[in-house]
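Visitor: Could you have a look at this structure, given as structure tokens, before my questions?
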């Protein structure tokens, strides 16, 4: 992720971490790594799409 951000600094790509780990420490680490969202498995695909859509609307 850091490499992608370095290569494309102007990119508006939304990065989502989908993981089995949901502790506060895990969330902090994904945020520090540059992810916009941290989603814990199992993931409902419709909820994931809704969450992404809401985030994109907020950021525009």
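Visitor: For residue 58 paired with residue 31, estimate the spin-label separation in nm (one decimal), with each label point 7 Å from Cα along the Cα-to-Cβ line.
Guide: Here the modelled spin labels are 1.1 nm apart.
Visitor: Here are several values of Rg/Rh (Cα atoms, Kirkwood Rh): [x] 0.98; [y] 1.00; [z] 1.12. Which one was derived from the coordinates shown?
Guide: Among [x] 0.98; [y] 1.00; [z] 1.12, the one derived from this structure is [x].
Visitor: Helix-only estimate, please: 222 nm mean residue ellipticity of the chain, summing -39500 (n - 2.57) across DSSP H runs of length 4 or more and dividing by its residues, to the nearest 500.
Guide: Values: 3 runs with 31 residues, N = 60.
Estimated from H runs of four or more residues: -15500 deg cm²/dmol.
No lab work stands behind these numbers, since they all come straight from the coordinates. The structure presented is a predicted model; accordingly, all values stated were derived computationally and were not measured. A quick note on method: Cβ atoms are made from the backbone with ideal geometry, for glycine too, and the neighbour counts reach across all protein chains shown.
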